[in-house]
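Shown next, in structure tokens, is the structure this report addresses.
The values are calculated or read from the model by the stated rules, or taken from the named source; none is laboratory data. Remember, it's a predicted structure, so these values are computed and weren't measured experimentally. Here Cβ is always computed from backbone atoms with ideal geometry, including for glycine, and neighbour counts include all displayed protein chains.
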Amino acid sequence: MSRSVDISGKSIVYLFYAVSLPGLVAILAAVAVPLDGIGDAALATLIVSLVLAGVVGAWRRRTGREDEHLGTAEDLAYDPSAYPGQAAKQRWLRAIRRLPGGDEED
């Protein structure tokens, strides 16, 4: 009789975040807390914004909203003329949708 423990890659990543993020915040806070001038305030602002971006990114990955706008008109980098194949595919899909009786087929 053998015992085994299955750990997914996703839970290892979350464990890494849980262990490393508080340590990183503590180290960076020790470096940036003595605000003696405008440079130190700018460094503290940068560090806080990076930590917030990491937290928001982890939250979006956790909730599955990481790539909900990629390849759509809401995507900042969306440029159909830069990707002619993508533009042709979208034109083709619009043409197929306009065909009568094409609701059942993909």
Task: Leading residue by the ranking (surrounded by the fewest Cβ atoms within 10 Å (Cβ to Cβ)) among those in region 11-53 that are outside any helix (DSSP H, G or I) and not small (G, A, S) - done: D36
Task: Residue count, region 1-10 (criterion: assigned to a loop (DSSP other than H, G, I, E, B) and within 22 Å of T63 (Cβ to Cβ)) - done: 2
- [ ] Restrict the check to region 36-51 and report whether at least one residue is at pLDDT 80 or above and in contact with a Gly (Cβ under 9 Å, 6 or more places away or on another chain).
- [x] no
